[in-house]
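Here, each number is a calculation from the coordinates, and none is a lab measurement. On a predicted model such as this, the values are computed, not experimentally measured, just so you know. With ideal geometry, Cβ positions are generated from the backbone for all residues, glycine too; neighbour counts draw on all protein chains shown.
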Amino acid sequence: MSIQIKRLNNMKIKITESQYSKILEESYYDSDKLYSKKHITSIFKKSPSELKRIVYNLEVIDCVDGSGNLSECVKLPEVLFTYINGRY
């Protein structure tokens with residue numbers, strides 16, 4: 001099954017149902033999700049200074065990564081999540 005999405009310039013694109021699900025999953029903001037502090041810091045190295053300031057001041061939470069190692073994690077504010085997903 002394919003889904004049609006109408007764009008602002010009246011162009012239509014076809015995507016599969018799995019592509020649609022992936023887009024929805026990637027664009028959903030979860031305020032409780034934890035992200036690696038090291039990874040987030042690397043993403044925002046070349047970002048605007050106001051965003052770097054937000055990243056620098058995030059509360060660090062101790063967590064365990066997928067390999068079972070102790071790591072530092074952060075919860076992202078929605079503005080940072082939006083920037084990462086290219087809608088800033």
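Descriptive notes on the structure:
- Kirkwood radius, region 31-88, all distinct C-alpha pairs, inverse of mean reciprocal distance: 11.8 Å.
- Cβ-Cβ FRET estimate between ILE15 and SER67, R0 fixed at 22 Å, reported to 0.05: 0.05
- Karplus-based coupling profile of region 28-42, in residue order and whole Hz: 7, 8, 10, 5, 9, 6, 9, 10, 5, 4, 4, 5, 5, 4, 5, with θ = phi - 60° in 6.51 cos²θ - 1.76 cosθ + 1.60 and x standing for Gly or Pro.
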